[in-house]
Amino acid sequence: MRLERWAPGTVPESRNYPGGVEILVLEGAFDDEQGEYRRHDWLRLPAGSGHRPASRDGCMLYIKENGLGGLASS
């Protein structure tokens, strides 16, 4: 888990999440291929997903990676 603050105009490289990811927008907004995510929006991508995020005006994100890899078998 981590907090990331993106300055206006941030365009990070494509991100891949082998174990999945949950992202909560705390401030500002960002977008990717699927749409725009504003304050208090929550994005959940399953294991093996990726996207190309960008933030025109800047944002602060709570990001929790891994933990979405599916159910363990016994």
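Under the condition of being closer than 16 Å to ASN16 by Cβ and exposed (fewer than 14 other Cβ atoms within 10 Å of the Cβ), which residue from region 55-67 is modelled with the lowest pLDDT?
GLY67
Inside region 1-51, can you point out the residues that are among the small types (Gly, Ala, Ser), surrounded by 13 or more Cβ atoms within 10 Å (Cβ to Cβ) and touching a residue at least 40 places away in the same chain (Cβ under 8 Å)?
Once the filter is applied, which keeps residues that are among the small types (Gly, Ala, Ser), surrounded by 13 or more Cβ atoms within 10 Å (Cβ to Cβ) and touching a residue at least 40 places away in the same chain (Cβ under 8 Å), region 1-51 yields GLY19, GLY20.
Starting from residues that are among the polar types (S, T, N, Q) and outside any strand (DSSP E or B), keep the ones in region 1-51 and report whichever is nearest to ASN66 (Cα to Cα).
Residues of region 1-51 that are among the polar types (S, T, N, Q), as a first pass: 10, 14, 16, 34, 49.
Within this subset, residues satisfying the condition of being outside any strand (DSSP E or B) are 14, 34.
On the way: SER14: 17, GLN34: 21 Å.
The selected residue is SER14.
Report yes if some residue within region 58-65 is part of a loop (DSSP other than H, G, I, E, B) and either in contact (Cβ under 8 Å) with a residue 60 or more places away in the chain or out of contact with any strand residue (DSSP E or B) (no Cβ under 6 Å at 6 or more places or on another chain) (or both); otherwise report no. Can you show your working first?
Taking region 58-65 first, the residues part of a loop (DSSP other than H, G, I, E, B) are 58.
Subsequent filtering for residues that are either in contact (Cβ under 8 Å) with a residue 60 or more places away in the chain or out of contact with any strand residue (DSSP E or B) (no Cβ under 6 Å at 6 or more places or on another chain) (or both) retains none.
No: zero hits.
The values are calculated or read from the model by the stated rules, or taken from the named source; none is laboratory data. This structure is a prediction, so every number in the text was calculated from the model and none was measured. Counting neighbours? That spans all protein chains shown, and the Cβs are built from the backbone with ideal geometry, glycine included.
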